[in-house]
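A short worksheet on the structure shown next.
The values are calculated or read from the model by the stated rules, or taken from the named source; none is laboratory data. Since this is a predicted model, take the numbers as computed values, not measurements. Virtual Cβ from ideal backbone geometry, glycine too; neighbours counted across all protein chains shown.
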Amino acid sequence: MATTLKKSDALRQQQNEIDDYAVYTRLAHLAREEENRELLRQIAAEELEHYRFWEKVTGERLQARAWVVGLYLFLARLFGLSFALKLLEKREEGAEDFYRQLFDTYPEAKTIYAQEMGHEKKLLGMLKDKKLLYAGAVVLGMNDALVELTGTLSGIALAFDKSTVVGITGLIMGIAASLSMAGSAYLEARENPAEGLEPATYALYTGVAYILTTVLLVGPFFLFTHTLPALVLMFAAAVAAILAYNFYISVARDEPFWKRVREMALVTFGVALISFAIGYAVRNWFGIDI
């Protein structure tokens, strides 16, 4: 049975197609590897064909929205091509169902649907993105900082009820640990070389991820006089970091988001709870009141 197509729906899809064409075209200019540039040009050509199909249906000409193109260019520069393109692909998932409903009304929709489902995803999966090679380094630095510092800060906060003391102690420990982690990451990458992986860059990603996480977790202790509100804000920051990082990985690597969040949160807060209990026991056993 033929589906009645509303012009507003057609115009919305037409707008998405021209937006996608502009995004892929601009990203092709930014790509350093010739293979990536060619893949992006192929995808852009498909999106332009899809737009022209809708232009015939609606009889209207549209321009790409500058803010949409700018957003995806920003994400590509910051997080890499794979993340930006796969996020764009997730936005297009609704379009696949839309095209499937139009098979009887517009035979061309079958070709577009096949391209959206198959060829485009295959191309995106073939993209070579160096930033993804270093995702393991970010995991190493960020996860280690989350586990160690939430646990350490929780224990110290129960032993010493002065936020500044806890903050300074955590900052010193975090900086020292980041240098240690960066050195270990360098040696690990050198001893276990991977294609396209630079040991120095791997170490830099690890160290920077550790330091940034340290600043995020320690910061609250310089904002409050007492440790309790600082601890609450620290845990909120840790949750935000876990959500943000796992959102990136789930998009870039097509991995389950909530499963990763649960695992990382369980380890992080499990260690923090144990350290919290140790700090409480130490404070009461030695009668510390600082």
Ala237 being more than 17 Å from Val165 (Cα to Cα) and at pLDDT 90 or above = yes
Listed residues Phe224, Phe247, Phe257, Phe269; which is within 17 Å of Ala145 (Cα to Cα) and assigned by TED's automatic domain parsing to the domain that holds Ser178?
-> Phe269
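Would you be able to say whether some residue in the range 70-83 is among the hydroxyl-bearing types (Ser, Thr, Tyr), under 21 Å from Ala109 (Cβ atoms) and crowded, with 19+ Cβ neighbours inside 10 Å? Walk me through how you get there before you give the answer.
Applying the first criterion (among the hydroxyl-bearing types (Ser, Thr, Tyr)) to the range 70-83 yields 72, 82.
With the extra rule that they be under 21 Å from Ala109 (Cβ atoms), the set shrinks to none.
No, there is no match, as no residue in the range 70-83 is among the hydroxyl-bearing types (Ser, Thr, Tyr), under 21 Å from Ala109 (Cβ atoms) and crowded, with 19+ Cβ neighbours inside 10 Å.
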Taking the condition modelled with pLDDT of 85 or more and surrounded by 19 or more Cβ atoms within 10 Å (Cβ to Cβ), does Ser163 pass?
-> yes
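Can you confirm whether Leu212 is out of contact with any strand residue (DSSP E or B) (no Cβ under 7 Å at 6 or more places or on another chain) and either closer than 21 Å to Leu149 by Cβ or acidic (Asp, Glu) (or both)? Explain how you work it out, then say what you get.
On the way: out of contact with any strand residue (DSSP E or B) (no Cβ under 7 Å at 6 or more places or on another chain): yes; either closer than 21 Å to Leu149 by Cβ or acidic (Asp, Glu) (or both): yes.
Considered against the rule, which asks whether it is out of contact with any strand residue (DSSP E or B) (no Cβ under 7 Å at 6 or more places or on another chain) and either closer than 21 Å to Leu149 by Cβ or acidic (Asp, Glu) (or both), Leu212 comes out as yes.
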Within the range 247-266, restricting attention to residues that are exposed (fewer than 15 other Cβ atoms within 10 Å of the Cβ) and in a helix (DSSP H, G or I), which residue is modelled with the lowest pLDDT?
-> Arg253
Hits in the range 151-184 - residues which are under 16 Å from Pro229 (Cβ atoms) and of a type in the set (Ser, Thr, Tyr) = Ser154, Ser163, Thr164
Could you tell me whether any residue of the range 14-30 is surrounded by fewer than 21 Cβ atoms within 10 Å (Cβ to Cβ), out of contact with any Lys or Arg (no Cβ under 7 Å at 6 or more places or on another chain) and at pLDDT below 90?
-> yes
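Matching residues to (1) in contact (Cβ under 8 Å) with a residue 12 or more places away in the chain; (2) in the same structural domain as Ala244 (by TED's automatic domain parsing); (3) small (Gly, Ala, Ser); (4) closer than 16 Å to Tyr113 by Cα:
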{"position": "Leu27", "(1), (2), (3), (4)": "yes, no, no, no"}
{"position": "Ala31", "(1), (2), (3), (4)": "yes, no, yes, no"}
{"position": "Leu40", "(1), (2), (3), (4)": "yes, no, no, no"}
{"position": "Ala44", "(1), (2), (3), (4)": "yes, no, yes, yes"}
{"position": "Lys56", "(1), (2), (3), (4)": "no, no, no, no"}
{"position": "Val68", "(1), (2), (3), (4)": "yes, no, no, no"}
{"position": "Phe74", "(1), (2), (3), (4)": "no, no, no, no"}
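Look through Ala200, Ala189, Ala236, Ala244 and report the one residue that is assigned to a helix (DSSP H, G or I), more than 19 Å from the chain's Cα centre (by Cα) and surrounded by fewer than 17 Cβ atoms within 10 Å (Cβ to Cβ). Steps first, please.
Values: Ala189 fails: surrounded by fewer than 17 Cβ atoms within 10 Å (Cβ to Cβ); Ala236 fails: more than 19 Å from the chain's Cα centre (by Cα); Ala244 fails: more than 19 Å from the chain's Cα centre (by Cα).
From the options Ala200, Ala189, Ala236, Ala244, the qualifying one is Ala200.
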Answer yes or no as to whether Val165 is more than 22 Å from Ala241 (Cβ to Cβ) and assigned to a helix (DSSP H, G or I).
-> yes
